[in-house]
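What follows is a short report on a single structure.
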Amino acid sequence: MKIRGIFLLFILSSIVLIFLYLYIFAKPLHLKQLEEERIANIQKVCMKDYPRNRDRGVLQRNVVEAEEKIYRLLKENPINFAPASVSIDSNISKHPNENRVILKRLIVVLNNINEDFILSISTHTDKDGSSRKNLKLSQERADNLKEYIEKRTQIVLITAIGYGEELPLSKSTKKLTNRRVEINLKRIKR
């Protein structure tokens, strides 16, 4: 009877010690495991090709909708450079930062596209000056726009081509219709 009591006391004390051990150490172990899972999930997200920051409250668009939105935006408010200037801040309107305002709207649209895409920037000039100078000028404008957009988005591929005076919209003498910036998107199929 004495051995049976000692054995029962041993089992009860073992059970109490196991529960006490679990009570003390299980919660930190569980929290550690949850933290490891959280970090693993963060690493999976960070290993994506190019994570994009998306503002909450801004509608996410597919490439076709975004291209339509960009087309309307640039038709209503075209990006206009001052003659013989490559700076984004120089424009022909009375408002000194009008190009930056337009580009900020454009970047909001680009950052909220929910598909993979290639961005193509095309710049054109009018016939003032030599064709070589116009080609160089339009390429520098395209490169400046590309650099501006690259800094504010995480788009993988952006192409920037300056066509100079080679592809006019109209043969008339309207300089503003031929001096233009075109932005196109192409969805990447996976």
Tell me, Phe117, Phe7, Phe81 in order of fewest to most beta-carbon neighbours within 10 Å? Phe7, Phe117, Phe81
List the aspartates and glutamates whose Cα lies under 16 Å from the Cα of Lys146, skipping any in the same chain that are fewer than 8 positions away. Asp89, Glu182
Going by how many other Cβ atoms sit within 10 Å of their own, how do Leu8, Leu106 line up, fewest first? Leu8, Leu106
Quickly work out the Leu29-to-Lys136 label distance, labels modelled 7 Å from Cα along the C-beta direction, and quote it in nm with one decimal. 7.3
Within a 10 angstrom radius of the beta carbon, how do Tyr71, Tyr163 rank from fewest other beta carbons to most? Tyr71, Tyr163
Taking the mean number of other Cβ atoms within 10 Å as a proxy for protection, how do you rank 127-140, 28-41 from highest to lowest? 127-140, 28-41
Is the C-alpha gyration tensor of segment 1-47 telling us rounded, prolate or oblate? Criteria: a/c under 1.5 is rounded; beyond that, a/b larger than b/c is prolate, otherwise oblate. prolate
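Taking a threshold of 27 Å on the Cα-Cα distance, which of the pairs Lys75/Lys151; Lys69/Lys136; Lys136/Lys189; Lys2/Lys27; Lys104/Lys133; Lys69/Lys133 fall above it?
Lys69/Lys136; Lys136/Lys189; Lys2/Lys27; Lys104/Lys133; Lys69/Lys133
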Per-pair calculated FRET efficiency, R0 = 30 Å: Val101 and Lys186 via Cβ, rounded to 0.05: 0.70
Using packing as a proxy for protection, rank 142-155, 14-27 so that the peptide with the highest average count of other Cβ atoms within 10 Å comes first. 142-155, 14-27
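Rule-based calculations on the coordinates, nothing more; no lab input. In this text the structure is predicted, and so the values were computed from the model without any measurement. Please note: Cβ atoms are built from the backbone with ideal geometry, for glycine as well, and neighbour counts cover all protein chains shown.
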